[in-house]
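Student: Structure in structure tokens, see below.
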Amino acid sequence: MNYSSSRFKLGVAFSPMAVGLGGWLPSIVHTYDIFKGIVLYGYGGQRPAARNAIPSQNESFYVPDETGTMLFYFDTWGRHSQTVDALTGVRIYKFSYNPATRKLVTITDRFNKETTIDHASNQITITSPRGEITTLNLNSEQMLSSVVNRNSETFNMTYSSEKLLLTFQKPGGLR
């Protein structure tokens, strides 16, 4: 999971809050700002990129990665729907969203192993294909306030009123 304060700048059409993970994104989940023509990478990077229409799929489109080896497919909202190997055509990742809330609910890898994401009011449970559970807790502003990993280790975060990360505390109180 990655956090990038630049995502909270004015003038960027996409907000990481839309994915429903407290302002953070998995590094493999990207978005596309349909107004500015910019790919916003899950790891925090971004770059201008022209979108390529897919004639058979209404308003879906794809953008190649920087090297041209991967194709990122997006829906009409600019949400990442899948990553495909450009040479082989093999789907690397598929991303599914709840149609009502538009929040990310599953990530499926090339071997059809599925990670599920269950959204409750202030808590998100991520279950790996092997059944390992990570719990994300959100504060009153719906920002990620803590993460409890499969080893019951807790990471804590605090933010400014502008939703910028102020503190990140590792297990055992390490900052």
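Student: Under the rule a/c < 1.5 gives rounded, and otherwise a/b versus b/c splits prolate from oblate, where does region 60-118 land using the Cα gyration tensor? Before the final figure, lay out each step's value.
Tutor: On the way: a/c = 3.01, a/b = 1.40, b/c = 2.15.
Oblate, because a/c is 1.5 or more while a/b does not exceed b/c.
Student: Excluding Thr135 itself, what net charge comes from residues whose Cβ is under 15 Å from its Cβ, given Lys and Arg +1 and Asp and Glu -1? Don't skip to the end; give the middle numbers.
Tutor: Numbers: positive: Arg150; negative: Asp118, Glu132, Glu153.
Charge balance near Thr135 sits at -2.
Student: Go ahead and run the numbers for FRET between Ser60 and Ala120, Cβ-Cβ distance against an R0 of 35 Å, rounding to 0.05. Kindly include the intermediate steps, with their values, before the conclusion.
Tutor: Values: r = 30 Å, r/R0 = 0.86.
Here the calculated transfer efficiency is 0.70.
Student: Number of Lys pairs in the chain with C-alpha atoms less than 16 angstrom apart, excluding same-chain neighbours closer than eight positions?
Tutor: Values: Lys9/Lys36; Lys9/Lys163; Lys94/Lys103; Lys94/Lys113.
Within the chain, the lysine pair count is 4.
No lab work stands behind these numbers, since they all come straight from the coordinates. These numbers were taken from a predicted model, which means no experiment stands behind them. All Cβ positions, even for glycine, are placed from backbone atoms using ideal geometry, and neighbour counts span all protein chains on display.
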